[in-house]
1. Any residue at all in region 305-326 that's closer than 25 Å to PHE39 by Cβ, at pLDDT below 95 and among the hydrophobic types (A, V, I, L, M, F, W, C)?
2. Mind listing whichever residues of region 69-88 are touching a residue at least 60 places away in the same chain (Cβ under 8 Å) and within 14 Å of the ligand (Cβ to nearest atom)?
3. State whether the residues of region 98-109 include one that is at pLDDT 95 or above, within 8 Å of the ligand (Cβ to nearest atom) and not small (Gly, Ala, Ser).
4. Go through LEU45, LEU54 for me and flag whichever is more than 19 Å from ALA119 (Cβ to Cβ), within 15 Å of the ligand (Cβ to nearest atom) and not assigned by TED's automatic domain parsing to the domain that holds LEU302.
5. Tell me whether region 115-123 contains one or more residues that are more than 22 Å from the chain's Cα centre (by Cα), within 13 Å of the ligand (Cβ to nearest atom), in contact (Cβ under 8 Å) with a residue 24 or more places away in the chain and at negative phi.
6. Go over the candidates ALA145, ALA137 one by one and state the one that is more than 16 Å from the ligand (Cβ to nearest atom), within 29 Å of PHE39 (Cα to Cα), of a type in the set (Gly, Ala, Ser) and over 17 Å from the mean Cα position of the chain (by Cα).
7. For ALA119, state whether it is open to solvent by less than 80 Å² (accessible area, probe 1.4 Å) and either at pLDDT below 95 or under 23 Å from ALA308 (Cβ atoms) (or both).
8. Out of contact with any Ser or Thr (no Cβ under 9 Å at 6 or more places or on another chain), open to solvent by less than 10 Å² (accessible area, probe 1.4 Å) and either hydroxyl-bearing (Ser, Thr, Tyr) or within 8 Å of the ligand (Cβ to nearest atom) (or both): which single residue out of GLY63, GLY91 fits that description?
Amino acid sequence: MSNETSFSHINFVAATAEDYEDVMSISGGIYNGMDYLPFKYHAWLKDPQRRTYLAKCEGKVVGFESFILVDDGTTAVLEGLRVAPWMRGRGVAGLIQKFCLDTLQSNYPEVKRVRMTRAENPPASVLAKYKVISSKAVVSVLIPADQLDTTIKLLESRVNNLDKSKNLSVLGAEEILRFFEESKSREDLLPGGLIVQGWHPFGTHKSNLNLLLKQKIVWMYSHLGDSSGLTASSKATTTSGDSQAYLEGFLSLGTPPFPVPLAEGIYRLDIDMFGNDPFYAKVHVLEQLKIGVQALPAGTGLVCLLFADESLRTEVGQLCEGLTPLYVVKEQMILEMEI
Ligand SMILES: CC(C)(COP(=O)(O)OP(=O)(O)OC[C@H]1O[C@@H](n2cnc3c(N)ncnc32)[C@H](O)[C@@H]1OP(=O)(O)O)[C@@H](O)C(=O)NCCC(=O)NCCS
(Lines give C-alpha, C1' and ligand atoms only; values in the text may rest on other atoms or scores of the structure.)
Protein backbone atom coordinates (compact mmCIF):
# COMPACT_ATOMS: atom_id res chain seq x y z
CA MET A 1 0.00 0.00 0.00
CA SER A 2 1.32 3.38 -0.93
CA ASN A 3 -0.61 6.62 -1.34
CA GLU A 4 1.00 9.67 -2.85
CA THR A 5 -0.27 12.99 -1.52
CA SER A 6 -0.10 16.61 -2.59
CA PHE A 7 3.32 16.59 -0.90
CA SER A 8 4.54 14.58 -3.86
CA HIS A 9 7.57 13.31 -1.99
CA ILE A 10 5.62 11.96 1.02
CA ASN A 11 3.94 8.57 0.93
CA PHE A 12 2.16 6.45 3.52
CA VAL A 13 2.80 2.78 4.23
CA ALA A 14 1.80 0.25 6.87
CA ALA A 15 4.31 0.14 9.74
CA THR A 16 6.26 -3.09 10.22
CA ALA A 17 8.37 -4.60 12.99
CA GLU A 18 11.51 -3.68 10.99
CA ASP A 19 10.59 0.02 11.25
CA TYR A 20 10.86 0.02 15.06
CA GLU A 21 14.24 1.76 15.28
CA ASP A 22 13.26 4.35 12.66
CA VAL A 23 10.06 5.17 14.54
CA MET A 24 12.00 5.44 17.80
CA SER A 25 14.50 7.73 16.11
CA ILE A 26 11.75 10.33 15.48
CA SER A 27 10.29 9.91 18.98
CA GLY A 28 13.03 11.33 21.22
CA GLY A 29 11.76 13.35 24.21
CA ILE A 30 8.07 12.91 23.38
CA TYR A 31 5.64 13.39 26.29
CA ASN A 32 8.49 14.37 28.61
CA GLY A 33 9.86 10.83 28.66
CA MET A 34 6.45 9.17 29.18
CA ASP A 35 6.09 7.85 25.62
CA TYR A 36 4.21 4.54 25.51
CA LEU A 37 5.13 3.63 21.93
CA PRO A 38 8.60 2.12 22.60
CA PHE A 39 6.86 -0.43 24.83
CA LYS A 40 3.66 -0.92 22.82
CA TYR A 41 4.87 -0.73 19.22
CA HIS A 42 5.16 -4.46 18.52
CA ALA A 43 1.90 -5.31 20.34
CA TRP A 44 0.12 -2.61 18.33
CA LEU A 45 1.31 -4.18 15.06
CA LYS A 46 -0.15 -7.52 16.12
CA ASP A 47 -3.50 -6.12 17.30
CA PRO A 48 -6.17 -7.13 14.73
CA GLN A 49 -8.29 -4.08 15.62
CA ARG A 50 -5.46 -1.60 15.02
CA ARG A 51 -3.81 -0.15 11.93
CA THR A 52 -0.42 1.58 12.13
CA TYR A 53 1.00 3.85 9.44
CA LEU A 54 4.23 5.60 8.60
CA ALA A 55 4.76 8.75 6.58
CA LYS A 56 7.92 8.40 4.52
CA CYS A 57 9.90 11.02 2.69
CA GLU A 58 12.58 9.83 0.27
CA GLY A 59 12.44 6.42 1.94
CA LYS A 60 12.96 7.81 5.44
CA VAL A 61 10.36 7.57 8.22
CA VAL A 62 9.09 11.09 8.99
CA GLY A 63 5.81 10.40 10.75
CA PHE A 64 3.69 7.81 12.56
CA GLU A 65 -0.02 7.52 13.32
CA SER A 66 -2.40 4.69 14.15
CA PHE A 67 -6.04 4.02 14.81
CA ILE A 68 -7.85 1.33 16.73
CA LEU A 69 -11.43 0.33 15.98
CA VAL A 70 -13.65 0.34 19.07
CA ASP A 71 -17.37 0.56 19.96
CA ASP A 72 -18.30 -2.45 17.78
CA GLY A 73 -16.29 -1.01 14.90
CA THR A 74 -18.24 2.27 14.79
CA THR A 75 -15.48 4.47 16.27
CA ALA A 76 -11.81 4.85 15.40
CA VAL A 77 -9.46 6.17 18.07
CA LEU A 78 -6.42 7.93 16.61
CA GLU A 79 -3.30 7.38 18.66
CA GLY A 80 0.47 7.71 18.59
CA LEU A 81 0.81 10.72 16.25
CA ARG A 82 4.34 11.99 15.85
CA VAL A 83 6.41 13.74 13.19
CA ALA A 84 10.21 13.74 12.87
CA PRO A 85 11.61 16.88 14.56
CA TRP A 86 13.22 18.03 11.29
CA MET A 87 9.87 17.84 9.44
CA ARG A 88 7.68 19.60 12.03
CA GLY A 89 5.77 22.76 11.15
CA ARG A 90 5.30 21.70 7.51
CA GLY A 91 1.87 20.11 7.74
CA VAL A 92 2.96 16.45 7.90
CA ALA A 93 0.72 15.78 10.94
CA GLY A 94 -2.26 17.05 8.97
CA LEU A 95 -1.37 14.84 6.00
CA ILE A 96 -0.95 11.61 7.94
CA GLN A 97 -4.21 12.22 9.79
CA LYS A 98 -5.95 12.94 6.49
CA PHE A 99 -4.53 9.68 5.15
CA CYS A 100 -6.01 7.83 8.17
CA LEU A 101 -9.41 9.51 7.73
CA ASP A 102 -9.43 8.73 3.99
CA THR A 103 -8.52 5.11 4.78
CA LEU A 104 -11.35 4.92 7.32
CA GLN A 105 -13.86 6.36 4.89
CA SER A 106 -12.91 4.08 2.03
CA ASN A 107 -12.14 0.83 3.91
CA TYR A 108 -14.24 1.07 7.08
CA PRO A 109 -17.59 2.65 6.11
CA GLU A 110 -19.14 1.45 9.39
CA VAL A 111 -16.92 3.91 11.31
CA LYS A 112 -19.03 6.94 12.11
CA ARG A 113 -16.78 8.93 14.43
CA VAL A 114 -13.16 9.51 15.28
CA ARG A 115 -11.89 10.14 18.77
CA MET A 116 -8.57 11.19 20.19
CA THR A 117 -7.06 12.21 23.50
CA ARG A 118 -4.98 15.35 23.80
CA ALA A 119 -3.22 17.36 26.47
CA GLU A 120 -4.37 20.88 27.33
CA ASN A 121 -4.38 23.56 24.64
CA PRO A 122 -4.65 21.45 21.48
CA PRO A 123 -4.02 23.51 18.32
CA ALA A 124 -6.94 25.70 17.23
CA SER A 125 -7.04 23.80 13.92
CA VAL A 126 -7.79 20.61 15.88
CA LEU A 127 -10.50 22.27 17.97
CA ALA A 128 -12.09 23.58 14.77
CA LYS A 129 -12.69 19.98 13.64
CA TYR A 130 -13.23 18.09 16.90
CA LYS A 131 -15.72 18.58 19.73
CA VAL A 132 -14.41 18.41 23.32
CA ILE A 133 -16.33 15.58 25.04
CA SER A 134 -14.72 15.69 28.47
CA SER A 135 -11.55 16.59 30.30
CA LYS A 136 -9.72 15.56 33.44
CA ALA A 137 -7.04 16.93 35.72
CA VAL A 138 -3.67 15.19 35.53
CA VAL A 139 -1.28 15.01 38.49
CA SER A 140 2.02 13.17 38.06
CA VAL A 141 4.78 12.24 40.47
CA LEU A 142 8.08 10.40 40.29
CA ILE A 143 8.73 7.78 42.96
CA PRO A 144 12.30 6.43 42.81
CA ALA A 145 12.81 2.75 43.63
CA ASP A 146 14.28 3.47 47.07
CA GLN A 147 11.30 5.66 48.05
CA LEU A 148 8.45 3.29 47.17
CA ASP A 149 7.97 1.91 50.69
CA THR A 150 8.22 5.26 52.46
CA THR A 151 5.84 6.81 49.91
CA ILE A 152 3.21 4.15 50.55
CA LYS A 153 3.58 4.71 54.32
CA LEU A 154 3.27 8.46 53.84
CA LEU A 155 0.11 8.08 51.77
CA GLU A 156 -1.31 5.60 54.30
CA SER A 157 -0.89 8.19 57.02
CA ARG A 158 -2.81 10.67 54.85
CA VAL A 159 -5.61 8.25 53.93
CA ASN A 160 -7.23 7.62 57.24
CA ASN A 161 -10.93 7.30 56.52
CA LEU A 162 -11.60 3.70 57.51
CA ASP A 163 -15.24 3.64 56.42
CA LYS A 164 -14.30 4.70 52.94
CA SER A 165 -11.42 2.23 52.79
CA LYS A 166 -13.78 -0.59 53.75
CA ASN A 167 -16.11 -0.12 50.78
CA LEU A 168 -13.48 -0.76 48.15
CA SER A 169 -13.34 -3.93 46.10
CA VAL A 170 -11.23 -5.15 43.21
CA LEU A 171 -13.66 -6.16 40.45
CA GLY A 172 -13.51 -9.45 38.61
CA ALA A 173 -14.64 -9.97 35.00
CA GLU A 174 -18.27 -10.69 35.98
CA GLU A 175 -18.56 -7.54 38.05
CA ILE A 176 -16.95 -5.45 35.34
CA LEU A 177 -19.50 -6.80 32.88
CA ARG A 178 -22.29 -5.86 35.30
CA PHE A 179 -20.85 -2.36 35.59
CA PHE A 180 -21.00 -2.06 31.81
CA GLU A 181 -24.60 -3.29 31.80
CA GLU A 182 -25.86 -0.96 34.53
CA SER A 183 -26.64 2.18 32.64
CA LYS A 184 -27.08 4.16 35.85
CA SER A 185 -23.52 3.60 37.05
CA ARG A 186 -22.24 4.49 33.59
CA GLU A 187 -24.21 7.70 33.31
CA ASP A 188 -23.27 8.81 36.79
CA LEU A 189 -19.60 8.05 36.75
CA LEU A 190 -18.37 8.25 33.19
CA PRO A 191 -18.11 11.76 31.72
CA GLY A 192 -19.43 11.70 28.16
CA GLY A 193 -20.33 8.03 28.69
CA LEU A 194 -16.70 7.11 28.05
CA ILE A 195 -14.33 5.00 30.05
CA VAL A 196 -10.85 6.44 29.57
CA GLN A 197 -8.12 3.94 30.39
CA GLY A 198 -4.44 4.62 29.92
CA TRP A 199 -5.26 7.51 27.55
CA HIS A 200 -7.74 5.38 25.47
CA PRO A 201 -11.36 6.57 25.33
CA PHE A 202 -13.82 3.67 25.07
CA GLY A 203 -17.61 3.69 24.91
CA THR A 204 -19.29 1.18 27.22
CA HIS A 205 -19.92 -1.33 24.42
CA LYS A 206 -19.51 -4.93 25.42
CA SER A 207 -17.09 -5.38 22.52
CA ASN A 208 -14.75 -2.91 24.25
CA LEU A 209 -14.98 -4.92 27.42
CA ASN A 210 -13.16 -7.77 25.67
CA LEU A 211 -10.41 -5.37 24.68
CA LEU A 212 -10.11 -4.09 28.24
CA LEU A 213 -10.20 -7.55 29.83
CA LYS A 214 -7.28 -8.69 27.65
CA GLN A 215 -5.05 -6.30 29.57
CA LYS A 216 -4.24 -6.85 33.21
CA ILE A 217 -6.03 -3.70 34.34
CA VAL A 218 -6.87 -3.43 38.04
CA TRP A 219 -10.51 -2.35 38.36
CA MET A 220 -11.42 -0.96 41.79
CA TYR A 221 -14.85 0.15 42.83
CA SER A 222 -16.20 1.79 45.94
CA HIS A 223 -19.90 1.76 46.48
CA LEU A 224 -21.49 4.38 48.67
CA GLY A 225 -24.30 3.19 50.87
CA ASP A 226 -22.92 -0.13 52.11
CA SER A 227 -21.35 -0.07 55.54
CA SER A 228 -21.01 3.69 55.67
CA GLY A 229 -24.77 4.23 55.24
CA LEU A 230 -24.20 7.02 52.74
CA THR A 231 -26.49 7.36 49.75
CA ALA A 232 -26.17 8.82 46.30
CA SER A 233 -27.69 12.10 47.38
CA SER A 234 -25.61 12.43 50.53
CA LYS A 235 -23.80 15.69 50.99
CA ALA A 236 -20.32 16.12 52.33
CA THR A 237 -18.19 19.11 53.17
CA THR A 238 -15.06 19.63 51.13
CA THR A 239 -11.83 20.95 52.60
CA SER A 240 -12.72 24.35 51.18
CA GLY A 241 -15.84 24.30 53.36
CA ASP A 242 -18.34 24.02 50.49
CA SER A 243 -21.14 21.55 50.66
CA GLN A 244 -21.03 19.22 47.66
CA ALA A 245 -23.15 16.31 46.47
CA TYR A 246 -20.97 13.38 45.55
CA LEU A 247 -21.73 10.90 42.83
CA GLU A 248 -22.66 7.41 43.81
CA GLY A 249 -19.64 5.19 43.76
CA PHE A 250 -16.06 5.67 42.69
CA LEU A 251 -14.22 3.68 40.04
CA SER A 252 -10.53 3.51 39.25
CA LEU A 253 -8.54 1.61 36.64
CA GLY A 254 -4.87 0.90 37.19
CA THR A 255 -2.94 0.13 33.99
CA PRO A 256 -0.15 -2.40 34.60
CA PRO A 257 3.14 -0.45 34.89
CA PHE A 258 5.32 -0.40 31.78
CA PRO A 259 8.82 0.99 31.13
CA VAL A 260 9.19 4.48 29.68
CA PRO A 261 12.17 6.28 28.12
CA LEU A 262 12.49 8.84 30.97
CA ALA A 263 15.30 6.80 32.57
CA GLU A 264 16.51 3.24 32.86
CA GLY A 265 14.37 1.33 35.36
CA ILE A 266 11.46 3.79 35.42
CA TYR A 267 7.96 2.41 34.88
CA ARG A 268 4.75 4.31 34.25
CA LEU A 269 1.59 3.62 36.23
CA ASP A 270 -1.62 5.29 35.00
CA ILE A 271 -4.51 5.51 37.46
CA ASP A 272 -7.74 6.64 35.79
CA MET A 273 -10.39 7.73 38.26
CA PHE A 274 -14.15 8.19 37.82
CA GLY A 275 -16.20 9.93 40.50
CA ASN A 276 -15.82 13.12 42.47
CA ASP A 277 -15.47 12.11 46.13
CA PRO A 278 -12.00 13.24 47.33
CA PHE A 279 -11.81 10.67 50.12
CA TYR A 280 -12.43 7.82 47.73
CA ALA A 281 -9.95 9.31 45.29
CA LYS A 282 -7.24 9.16 47.96
CA VAL A 283 -8.09 5.59 48.96
CA HIS A 284 -8.04 4.51 45.33
CA VAL A 285 -4.69 6.16 44.60
CA LEU A 286 -3.16 4.43 47.60
CA GLU A 287 -4.62 0.99 46.87
CA GLN A 288 -3.82 1.16 43.15
CA LEU A 289 -0.29 2.26 43.96
CA LYS A 290 0.19 -0.69 46.34
CA ILE A 291 -0.86 -3.14 43.63
CA GLY A 292 1.16 -1.31 40.96
CA VAL A 293 4.30 -1.49 43.09
CA GLN A 294 3.88 -5.24 43.55
CA ALA A 295 3.95 -5.63 39.76
CA LEU A 296 7.27 -3.77 39.39
CA PRO A 297 10.52 -5.60 38.65
CA ALA A 298 12.95 -5.38 41.59
CA GLY A 299 14.92 -2.16 41.79
CA THR A 300 12.68 -0.10 39.51
CA GLY A 301 10.87 3.13 40.25
CA LEU A 302 7.61 4.65 39.10
CA VAL A 303 6.09 7.64 37.47
CA CYS A 304 2.52 7.72 38.62
CA LEU A 305 0.03 9.54 36.38
CA LEU A 306 -3.24 10.30 38.13
CA PHE A 307 -6.28 11.27 36.04
CA ALA A 308 -9.22 12.63 38.03
CA ASP A 309 -12.22 14.90 37.87
CA GLU A 310 -11.06 18.53 37.75
CA SER A 311 -12.76 19.16 41.14
CA LEU A 312 -10.28 16.71 42.70
CA ARG A 313 -7.09 18.40 41.45
CA THR A 314 -6.30 20.14 44.74
CA GLU A 315 -7.03 17.17 46.97
CA VAL A 316 -5.10 14.71 44.79
CA GLY A 317 -2.24 17.24 44.71
CA GLN A 318 -2.35 17.47 48.52
CA LEU A 319 -2.19 13.70 48.81
CA CYS A 320 1.01 13.79 46.77
CA GLU A 321 2.57 16.74 48.60
CA GLY A 322 6.26 16.19 49.31
CA LEU A 323 6.68 13.67 46.48
CA THR A 324 8.73 14.64 43.42
CA PRO A 325 6.34 16.36 41.00
CA LEU A 326 6.97 15.58 37.35
CA TYR A 327 5.28 17.69 34.72
CA VAL A 328 3.87 15.52 31.99
CA VAL A 329 0.59 17.25 31.07
CA LYS A 330 -1.86 19.28 33.13
CA GLU A 331 -5.06 18.15 31.52
CA GLN A 332 -6.40 15.22 29.52
CA MET A 333 -9.02 16.11 26.91
CA ILE A 334 -11.21 13.73 24.92
CA LEU A 335 -12.04 14.99 21.45
CA GLU A 336 -14.53 13.55 18.98
CA MET A 337 -15.57 14.21 15.40
CA GLU A 338 -18.36 12.65 13.29
CA ILE A 339 -17.19 11.48 9.88
C1 LIG B 1 2.37 17.54 17.33
C2 LIG B 1 3.08 17.17 16.04
C3 LIG B 1 2.64 15.78 15.61
C4 LIG B 1 2.65 18.18 14.97
O5 LIG B 1 3.23 17.79 13.74
P6 LIG B 1 3.55 18.86 12.59
O7 LIG B 1 3.67 18.12 11.32
O8 LIG B 1 4.70 19.72 12.99
O9 LIG B 1 2.24 19.74 12.60
P10 LIG B 1 1.98 20.97 11.66
O11 LIG B 1 1.69 22.11 12.57
O12 LIG B 1 3.01 21.16 10.64
O13 LIG B 1 0.69 20.44 10.91
C14 LIG B 1 -0.48 21.11 10.98
C15 LIG B 1 -1.54 20.09 10.83
O16 LIG B 1 -1.36 19.07 11.83
C17 LIG B 1 -2.42 19.12 12.76
N18 LIG B 1 -1.86 19.00 14.12
C19 LIG B 1 -0.86 19.72 14.65
N20 LIG B 1 -0.67 19.33 15.93
C21 LIG B 1 -1.59 18.39 16.18
C22 LIG B 1 -1.91 17.63 17.33
N23 LIG B 1 -1.25 17.75 18.49
N24 LIG B 1 -2.92 16.75 17.25
C25 LIG B 1 -3.61 16.60 16.10
N26 LIG B 1 -3.35 17.29 14.99
C27 LIG B 1 -2.34 18.18 15.04
C28 LIG B 1 -3.08 20.46 12.56
O29 LIG B 1 -4.45 20.40 12.93
C30 LIG B 1 -2.90 20.71 11.11
O31 LIG B 1 -3.84 19.96 10.37
P32 LIG B 1 -4.45 20.55 9.02
O33 LIG B 1 -3.29 20.75 8.11
O34 LIG B 1 -5.38 19.46 8.59
O35 LIG B 1 -5.15 21.81 9.43
C36 LIG B 1 4.63 17.22 16.18
O37 LIG B 1 4.98 18.46 16.71
C38 LIG B 1 5.17 16.12 17.08
O39 LIG B 1 5.51 15.04 16.60
N40 LIG B 1 5.27 16.38 18.39
C41 LIG B 1 5.70 15.39 19.33
C42 LIG B 1 4.60 14.34 19.57
C43 LIG B 1 3.31 14.96 20.03
O44 LIG B 1 3.28 15.87 20.83
N45 LIG B 1 2.19 14.45 19.50
C46 LIG B 1 0.90 15.05 19.83
C47 LIG B 1 -0.17 14.15 19.54
S48 LIG B 1 -0.52 13.14 20.95
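1. Checked region 305-326: at least one residue is closer than 25 Å to PHE39 by Cβ, at pLDDT below 95 and among the hydrophobic types (A, V, I, L, M, F, W, C).
2. Within region 69-88, VAL77, GLU79 meet the criteria.
3. So the first thing to find is which residues in region 98-109 are at pLDDT 95 or above, and the list is 98-109.
Filter again for within 8 Å of the ligand (Cβ to nearest atom), leaving 98.
Checking the rest, the ones that are also not small (Gly, Ala, Ser) come to 98.
Scanning region 98-109 turns up at least one residue that is at pLDDT 95 or above, within 8 Å of the ligand (Cβ to nearest atom) and not small (Gly, Ala, Ser).
4. Values: LEU45 fails: within 15 Å of the ligand (Cβ to nearest atom).
Only one candidate qualifies: LEU54.
5. Taking region 115-123 as the starting set, the residues that turn out to be more than 22 Å from the chain's Cα centre (by Cα) are none.
Within region 115-123 (the criterion being more than 22 Å from the chain's Cα centre (by Cα), within 13 Å of the ligand (Cβ to nearest atom), in contact (Cβ under 8 Å) with a residue 24 or more places away in the chain and at negative phi), the answer is no, since none of the residues qualifies.
6. After ruling out the rest, the residue left standing is ALA145.
7. Judged against the criteria, ALA119 is a match.
8. Values: GLY91 fails: open to solvent by less than 10 Å² (accessible area, probe 1.4 Å).
When all the criteria are applied, what remains is GLY63.
The values are calculated or read from the model by the stated rules, or taken from the named source; none is laboratory data. Treat the numbers as computed from the prediction; the structure is a model and nothing was measured. Virtual Cβ from ideal backbone geometry, glycine too; neighbours counted across all protein chains shown. Each accessible area value is taken on the protein alone, full model and side chains, heavy atoms only, with ligands, DNA and RNA left out. Shrake-Rupley method; radii C 1.70, N 1.55, O 1.52, S 1.80 Å.
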